[in-house]
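Engineer: Have a look at the structure that comes next, please.
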Amino acid sequence: MSHSPFPFLPPWLDEFRSVAVALVGRDGQIIEANQGFRTLMADLPAGSAAERFIEPRFSQLLGAGPEAKGEVYHGLITLGASPGIRRTFSGKVYHSGEMLFVAAEVDIAAFEKLQGEADRLGQELDAVKQQLTRRNQALKKALDDLKERRGLDGLTGLPLRRRLDERMDQEILRWERYRRPLALVILDIDDFAAVNGDYGRETGDDILVHVATILKQSVRSLDFTVRYGGQEFAVMLPETNEMGALIVAERLRMELESQIILPLVRPLTASFGVAMLMSGETRDELCRRAERAVEHSKANGKDCVTMAGVIGECDHIYRGMKEAL
């Protein structure tokens with residue numbers, strides 16, 4: 001007595017090449033398959049049927065609740081590797097006891113053409129995205145260069161130091177004529193190198209932008225705020241006497257100290273130096289005295305304000321303003 005090669009499927013199904021039929025166990029192994037299904041799978045990468053189901057996933061089919069007559073899926077079925085050779089066809093999947101019964105039409109030229117077209121369009125889209133990325137980078141560089149030529153910092157949007165030099169020259173001429181007070185405040189963010197080292201350049205840039213925003217929001221339109229150096233900022237205060245300049249510096253110090261910028265786990269602080277323009281003083285001399293006052297603040301615990309004197313011995317660290325405000 002001869003045994004049928006198909007214990008479960010009818011033997012006559014083996015002759016069909018235009019129809020792919022298979023029984024697949026829950027472990028993904030093919031239990032039975034006709035000639036159409038075997039031909040379909042022949043040039044696909046090695047592996048179990050479960051590994052070859054791209055859409056829908058084999059796990060989805062196992063977990064799907066059967067509808068009428070045990071059907072769990074109907075529509076396009078894609079087998080193959082991702083990435084790699086694929087085959088797409090139209091068919092249905094049924095639960096059959098502990099197995100899945102797959103039945104599909106193998107004539108899939110139209111579907112393969114669509115799949116190939118989709119792959120081609122996907123590649124073209126990737127190329128367009130890369131081109132747009134390059135153009136955006138070029139545009140950003142061009143905008144930064146334009147800001148640089150206009151004397152603006154590309155990161156914070158604040159004017160650069162050379163713009164301060166120009167404005168200070170004008171204000172010094174005005175001071176010589178009208179003798180109206182002129183103050184300069186310089187601040188240096190404390191431990192900025194450690195922030196870059198511990199949290200990265202991107203966090204450092206975020207802090208610089210944050211400080212610039214605070215300065216722009218906290219001073220008068222008459223005042224002139226610039227990015228003075230790497231982590232240094234300066235504010236020129238026309239029509240401002242010594243006490244007024246100290247108050248501005250202390251308020252800025254307190255405002256920065258109140259900020260918590262993630263991922264930093266400590267308050268953001270800065271050391272301040274304040275200098276008043278003196279008779280016969282040049283712009284560079286005024287800046288050097290303000291810078292010296294910043295160094296004095298750094299050397300005396302940071303997060304404080306120092307008023308610059310005529311000489312280094314006259315620099316005076318100013319404390320107690322916080323309680324007075």
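Bear in mind these aren't lab numbers, they're just calculated from the coordinates by the rules spelled out. Computed from a predicted structure; not experimentally measured. Here the Cβ positions follow ideal geometry from the backbone for every residue, glycine too, while neighbour counts run over all protein chains shown.
Engineer: For the residue pair ASP191 and ILE85, what label-to-label distance in nm results when each label sits 7 Å from Cα along the Cα-to-beta-carbon direction?
Structural biologist: Once both label points are built, they end up 6.2 nm from each other.
Engineer: How far apart, in nm, are the 7 Å Cα→Cβ label points at GLN123 and ARG180?
Structural biologist: 6.9 nm
Engineer: While we're here: Give me the compactness ratio for region 156-324, meaning the Cα radius of gyration over 2.2 N^0.38 Å.
Structural biologist: On the way: Rg = 15.4 Å, N = 169, 2.2 N^0.38 = 15.5 Å.
So region 156-324 has a normalised radius of gyration of 1.00.
Engineer: Simple spin-label model, 7 Å along Cα-to-Cβ: LEU222 to GLN259 in nm?
Structural biologist: Using points 7 Å along Cα→Cβ, the separation is 2.5 nm.
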